[in-house]
Structures are given as structure tokens and as C-alpha cells.
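The values are calculated or read from the model by the stated rules, or taken from the named source; none is laboratory data. Because the structure is predicted, anything quoted here is derived from the model rather than measured. Glycine also receives a Cβ, built like all others from the backbone with ideal geometry; neighbour counts cover every protein chain displayed. When the accessible area is computed, the model is the full protein with side chains, heavy atoms only, and any ligands, DNA or RNA have been set aside. Shrake-Rupley method; radii C 1.70, N 1.55, O 1.52, S 1.80 Å.
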Amino acid sequence: MTGDIRCSTTFRAFAEARPGPAWREHVHRHWPRLRATAADHPDAQTWRTTVLSLTSTPLACLAADLAEAARLPDPDLPGFLTHVNPPGPVVAGAQGTGGASLVRNLDIDLTQHESTLWLSQLGTRRVLGTTAGLWGLLDGMNEDGLAVSLTSGGDRRHTEGLSGPLLVRHLLEHCTTVAAVDEVLTGWPTASTHDLTVIDATGARAAYRLTPGEPTQRGRTRHWPEVSEAIAAMLSRPRHRTGYSTGAGTLHTAVYHPAEGELTLIWPDGVRTWTFGNFTPAERLLEYPATPA
């Protein structure tokens, strides 16, 4: 890439079924930044853990296991990992479906993004996705053919509840079809407004809007007949944005092929593909031009 490069980040991809050394490195790398958003009162930590336990015992157990595996002597980490009362959402970007695939642009401030792809098996199925809040996911798919992506909705209200990235993780850990997602989203206590795009291995697809205190709205995805058309649309203006220096640029375009278990990430200067059966760890420097949006 040529030109005036001022914005950069390091992208990492790692495979670790259960949290171990790679998870600990991930936590230690990002916790100094994330700690500023964590509650700092012991009662708040206990309250967060209790809220998640009442909502989903399996998620609460996972959060506790992850905190222990991090081996980080910070009393604020367990509460943060519950994703209860998270900081306000910061993720944007166009999302939709093309053919039997999910395609999304990830627009987010480089300084707020973990730039990490994690292939895990925290429960009964393998899950591959882009992390947020250390173990939550901005998008991802599971080995049974469900793919999900998330953006912040236009409604900026923010209240008590659970984070969007935790919801994406929950859906991919526990659902295999769009029909199953319909059931899970009923009554989910979201802290912020989020838009979800979901597609499964049969090609069934749906879009959802979750708003605090309101019923979940279900609609149709933005859809193109062929995945190539969806990719072309995402790589073109106005969907593809270049405001990297102001935190409003498209960091990558993700293409999930859930029936094949394949993910392709498209950056301004390269392309990389992973599958559940062929996952190679990666680390690469990504550089973006400091141009206006």
C-alpha cells in the first residue's frame, strides 16, 4: 500500500478450543485498555455475576471459567467478562446476505477494536468469530452452519442489560438454525439497540432489531442473489468507508459461507481464508490510509 500511512493495527488469528495460553495472551494484551470500562466496586462485580446467572447459567459458568483461566489478579475482570451493563456500542458497518452467504463490513475505531479471530470450542460445538469484550463476538459462525453479524442500531439508548457481542456468542454456542434464533431472541435483555443479520446452512435468513424494553423486531436481510454481487456492493462506496483517522473506516469485509464452514476476510491490501478444517494461526500488520470518510 502506498500513500500517507498513519493508521495501523495488528490482526491476530488463533485456535484454542478451551482457554489456555493463547487466551491468556489475548486477555493480557487488551485488558489495559478495556479495564477503564470495568466497574470498580466489589458490589458491582457481584451484581453483574448474579444478573448473568439469572439470565443464563451456562453463560455465567463460561464467564467464570474464562476469568479463572486468564490468571490475571484483577478483581474487576470477572465482572467485565459477564458483559452485564457494558459500555455503549461502537460497531457499525453494512451487513447483508448474498446467495447462501453472510457478508459484512466492519466499521470501527482502530483503537477500540481487538482485531482478533478466535476459533474456540467453549461448549459442544466449534465457533469461529471476531472478538469484542475479549470473548464476545461481533460476527462469527459455528460448525453446524449458523452465521451471525452485529452492528449498533440507530437508536442510541443505553440501559441495564447484556451486550450485543455476548448475544452473538450465545447464539453461536447454542443455535444451529434461524428458527432456533427466533426463540432465543424472545426476551433477551439487551443493554443497547443492535441490528443482527443471521443465515443458516439451509439458506434461511433473517434480520433482527433488538431495542431495550421493546419486543424484538424481525425482518428480511439486505439480500443479493449472488454472493459476488454482495461482495462488490460492500467493497464500493457508500458502504465501504475510508475515514480511518476519525474512527469511521471499514477495517475489513467478512464473507461467511456457513454451509461450507468457510470465512474470508478482505482487507484493503489482502485476502485470507479460514475453515474449521484448515485453520492457520496468523499475525499481520494492517495499515490504512489516513483519508477522510
May I ask you to order 222-233, 200-211, 156-167 by the average number of other C-beta atoms within 10 Å around their residues, highest value first?
156-167, 200-211, 222-233
Across S236, S53, S192, the residue with the highest GNM fluctuation in the chain (Cα network, 10 Å cutoff) is S236
Can you compute log10 of I(q)/I(0) for segment 195-293 with the Debye formula, treating each Cα as one identical point scatterer, at q = 0.19 Å⁻¹?
-1.14
For segment 104-191, diffusion coefficient by Stokes-Einstein and Kirkwood Rh (Cα), 37 °C, 0.692 mPa s, µm²/s:
242 µm²/s
Compute the Rg/Rh shape ratio of the chain: radius of gyration over Kirkwood radius, all on alpha-carbon atoms.
0.94
Sorted by average packing, counted as other Cβ atoms within 10 angstrom per residue and highest first, what order do 69-75, 97-103 take?
97-103, 69-75
Residue-normalised accessible area of the chain, expressed per residue, 1.4 Å probe, Å²
42 Å²
Note on the chain: contact order normalised by length, alpha-carbon pairs under 8 Å, 6 or more apart, percent, works out to 24 percent
Sorted peptide list for 241-251, 268-278, criterion being average Cβ within 10 angstrom, highest first:
241-251, 268-278
Suppose only helical runs count, i.e. DSSP H with n ≥ 4. What mean residue ellipticity at 222 nm does that imply for the chain under -39500 (n - 2.57) per run, divided by all residues and rounded to the nearest 500 deg cm²/dmol?
-7500 deg cm²/dmol
Please compute the length gained on full extension between T177 and R218, using 0.36 nm multiplied by the number of residues separating them and subtracting their Cα-Cα distance.
13.3 nm
Segment 144-293 - share of DSSP beta bridges that are antiparallel (%, nearest 5)
95 percent
In segment 47-159, how does Rg compare with the Kirkwood Rh, expressed as the Rg/Rh ratio over alpha carbon atoms?
0.97
